[in-house]
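Structure first, commentary second.
The values are calculated or read from the model by the stated rules, or taken from the named source; none is laboratory data. Computed from a predicted model, the values in this text were never measured in an experiment. A quick note on method: Cβ atoms are made from the backbone with ideal geometry, for glycine too, and the neighbour counts reach across all protein chains shown. Side chains are part of the model used for accessible areas, which takes the heavy atoms of the whole protein and leaves out ligands, DNA and RNA. Shrake-Rupley method; radii C 1.70, N 1.55, O 1.52, S 1.80 Å.
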Amino acid sequence: MKKEETVKLISAEGMEFVIDKEAAMLSQTIRNMLTSPGGFAETEHGEVTFPEISALILEKICQYFYWNLQYSRGKETEFHIEPELTLELMMAANYLHT
Amino acid sequence: MSNQKKRNFHIEAFKHRVVVDPKYAEKIWSILEHAIHEIYNHNASGLSFEELYRNAYNMVLHKFGEKLYSGLVTTMTAHLKEISKSIEAAQGGLFLEELNRKWNDHNKALQMIRDILMYMDRTYIPNTHKTPVHELGLNLWRDNVIHSSKIQSRLLSMLLELIHRERTGEVIDRGLMRNIIKMLMDIGSSVYQEDFEKPFLEVSAEFYRRESQKFIECCDTGDYLKKAEIRLNEEIERVTHFLDVKSEVNITNVVEKEMIANHMMRLIHMENYGLVNMFLDDKYEDLERMYNLFRRVPNGLSITRDVMTSHLREIGKQLVTDAEKLKDPVEFVQRLLDEKDKYDNIINQAFCNDKTFQNALNSSFEYLT
C-alpha cells in the first residue's frame, strides 16, 4: 500500500489502523476531514484520532469499509455484526456519517 | 451467562451518557467560537478537525443546536462587520482588490466552518427549517458587507466607472471585474440584477444616447453604421469576458435601441448618403451592414423593404417615361432586366437572400410590367 493512498485511524486506546483512503472515504465525515480546504492538522499528517471510538468498534468499521468496497465490486457476501456491538456501532456510524 | 451479558450490555449503554448541563454546552461553544476566530485569522493548521466536529456533534446531539446556530450567526456577523470596516478603509483603486481578497477569504472560511458543522447542517437545520450554513454565510456577507451603506454605493460606482473607462478606450483589469461580478452572482441573481445590472443598463442607455447623438451629427450613414457595429460587438465581447451571460440580451437591446432604432428614419433618408444612394452607388458592404443591424430592431427590415419598393417604382417610372422618349422597346427591356439583375445581386449578397426582399422586388417589377 503506497503511503499517499492510505490514512491512519487511531482509536481511543491509541490503536492505529492504516487503511486505504478509498475505503475511508466511505465515511462522509472522514472524506470532509481530508478534503477540507483548511489545512487542519489531519490533512497535514494523514491521520485522524477518534478519542470516543474504541478499538473494537473502529476495527469493525474498517472491516465494514472493505466489505462495502468488495460488495460494490460484485462479491456479495454477508457482513456479520455481533449484537452487543450494535449500539456502539450505530452511534459511531452516525458520527462518521457512513 | 447470557443474563450477565445482557446486563453488561445495558451498563455499557449508560457509559455513553455525557453530563448534560449548560456549563458543558458553554465550554464546548467557547471551543468552537475560538476555532471560528482562528479560521478567520488564517490560523487553522493548529486545529483538529475531528475535535471540532465532535464538539459540534455533541452539542447538537444533546439538544444544544439552538445555541450553536445562534452563536454561529453572532460570531460570523461580528467578523464580517470587522471585515467590512477594513474594506471601507481601502483607498481608491485598491477598494475592489481588497473586496475581492476578503471575499475569497470568507469563502474559504465558510467552507471550513460548514465542514466542521456538517452534523448540524444534516440534522438540526432540516428539522428546524433554518438556513443551511453555506447559504447563511452568503446571506450574512450580503447583509453586512455588500449592503453596508458605505460599501454598496462605492462598489457600484467603481464598477460603472471601470466599464465607462473601457468604453472610452482604456484597458482595465478584466480578471478582477470578473471575480467581483461572479461574487454578486454567487450571492444571488437578484443581488446581481438589482445592485448592478439595472443601474448598468440605465447608465449604458445614457452613454449610447449621447454617443449616437454625437455621431449622427457628424457622420454619414455608412460611417455611422460602421461605428454602431463596432460598439455592438464590443458590448457582446464584454459580456463574454466578465458579465453574466444573461446580460447579453439586455445590453444589446439597449445599444440597438439607442443607436439604431432611435435614428433609423434619419439614417435611411439621409441626403446623399441614405439607403437610396447606397443602391445607386452599389455600396454592397454598407448595404450588408445595414441589413445586419436593422434586422435586430423591430420594423427595421420592413421599413427598409418599403423604401426599396418605392425606390424601385421610381426607377421603373423613370424607365417607362424614358422609353417613351427613346421609342426603343429592346433598350427598354434590356434596361429593365439590368435593373432586375442588379437588385437580385444586392439581395443575394447584401441582404442574405432574404425571401421577403425577393418577394418585394418581384412584386415591384410586376407592378412595372
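When you restrict to C-alpha pairs under 8 Å that are six or more residues apart and normalise by the size of chain A, the relative contact order lands at 33 percent.
Helical content of chain B, expressed as a calculated mean residue ellipticity at 222 nm, amounts to -24500 deg cm²/dmol (DSSP H runs of 4 or more residues, -39,500 (n - 2.57) each, divided by residue number, nearest 500).
Summary of packing: across the peptides B:315-321, B:201-207, A:56-62, the per-residue average of other C-beta atoms within 10 Å ranks them, highest first, as A:56-62, B:201-207, B:315-321.
Can you work out D for the range A:6-96 in µm² s⁻¹ from Stokes-Einstein, where Rh is the Kirkwood radius over C-alpha pairs, the temperature is 25 °C and the viscosity is 0.890 mPa s?
179 µm²/s
Seen against the Cα atoms of chain B and their longest principal axis, helix B:221-242 is set at about 20 degrees. Angle check, please: helix B:2-15 long axis (alpha carbons) against the longest principal axis of chain B (alpha carbons), in degrees 0 to 90, nearest 10. Relative to chain B, helix B:2-15 is tipped by roughly 70 degrees. Of the whole protein surface, B:Ser153 contributes about 80 Å² of accessible area at a 1.4 Å probe radius. Computed over Cα pairs, the Kirkwood radius of the range B:299-367 leads via Stokes-Einstein (1.306 mPa s, 10 °C) to a diffusion coefficient of 126 µm² per second.
Ordering B:Ser302, A:Ser72 by how much accessible area each has at a 1.4 Å probe, largest first, what is the list? List each step's numbers first, then the result.
Working: B:Ser302 40, A:Ser72 85 Å².
Ranked from most to least accessible, the order is A:Ser72, B:Ser302.
In square nanometres, what is one fourth of the surface area of the convex hull spanned by the alpha carbons of the range B:134-196? Orientation-averaged projected area of the Cα hull: 4.4 nm².
In this view, the solvent-accessible surface of B:Trp103, computed with a 1.4 Å probe and all protein chains in place, comes to about 10 Å².
Counting every pair of alpha carbons in the range B:240-347, the share spaced more than 24 Å apart comes to 41 percent. Taking the inverse of the mean reciprocal distance over all distinct Cα pairs, the Kirkwood hydrodynamic radius of the range A:1-50 comes to 11.0 Å.
Relative to the longest principal axis of the Cα atoms of chain A, the long axis of helix A:86-96 lies at roughly 30 degrees.
The smallest convex shape that holds all Cα atoms of chain B, its convex hull, gives 209 Å³ per residue. Shape analysis of the range B:22-145 based on the Cα gyration tensor places the equivalent ellipsoid semi-axes at 28, 15, 12 Å, largest first.
When all protein chains stay in place and ligands, DNA and RNA are ignored, the 1.4 Å accessible-area order of B:Arg114, B:Arg54, largest first, is B:Arg114, B:Arg54.
Legend: residues B:Val330, A:Val18, sorted from most to least accessible area (1.4 Å probe; ligands, DNA and RNA excluded), read B:Val330, A:Val18. In this simple spin-label approximation, B:Asn43 and B:Leu368 carry label points 7 Å from Cα along the Cα→Cβ vector, and these lie 8.9 nm apart. What aspartates and glutamates could a cross-link reach from A:Lys8, if we take a straight Cα to Cα line under 14 Å and drop same-chain neighbours fewer than 8 places away? Within the straight-line cut-off, A:Lys8 pairs with A:Glu16, A:Asp20, A:Glu22, A:Glu42, A:Glu44, A:Glu47, A:Glu59, B:Glu50. Within the protein assembly as shown, the ratio Rg/Rh, alpha carbon atoms throughout and Rh by Kirkwood, equals 1.26.
Contact order for the range B:150-265, expressed relative to its length and based on alpha carbon pairs under 8 Å spaced 6+ residues apart, stands at 31 percent. Accessible surface for chain A, divided over its residues, is 55 Å² per residue with a 1.4 Å probe. Within a straight-line Cα-Cα reach of under 23 Å, B:Lys23 can be paired with the following lysines, leaving aside sequence neighbours fewer than 8 residues apart in one chain: B:Lys15, B:Lys63, B:Lys67.
For B:Lys81, a cut-off of 19 angstrom between C-alpha atoms picks up these aspartates and glutamates, skipping any fewer than 8 places away in its own chain: B:Glu33, B:Glu38, B:Glu97, B:Glu98, B:Asp105, B:Glu135, B:Asp143.
What base-10 log of the normalised intensity I(q)/I(0) is obtained for the range B:150-265 from the Debye formula, alpha carbons as equal point scatterers, at q = 0.09, 0.13, 0.16, 0.22 Å⁻¹? The Debye formula, applied to the Cα set alone, gives -0.25, -0.51, -0.75, -1.29.
Using a cutoff of 8 angstrom between alpha carbon atoms and counting only pairs six or more residues apart, the relative contact order for chain B works out to 11 percent.
The fraction of accessible area contributed by carbon and sulfur in chain B is 51 percent, rounded to a whole number (1.4 Å probe; ligands and nucleic acids excluded).
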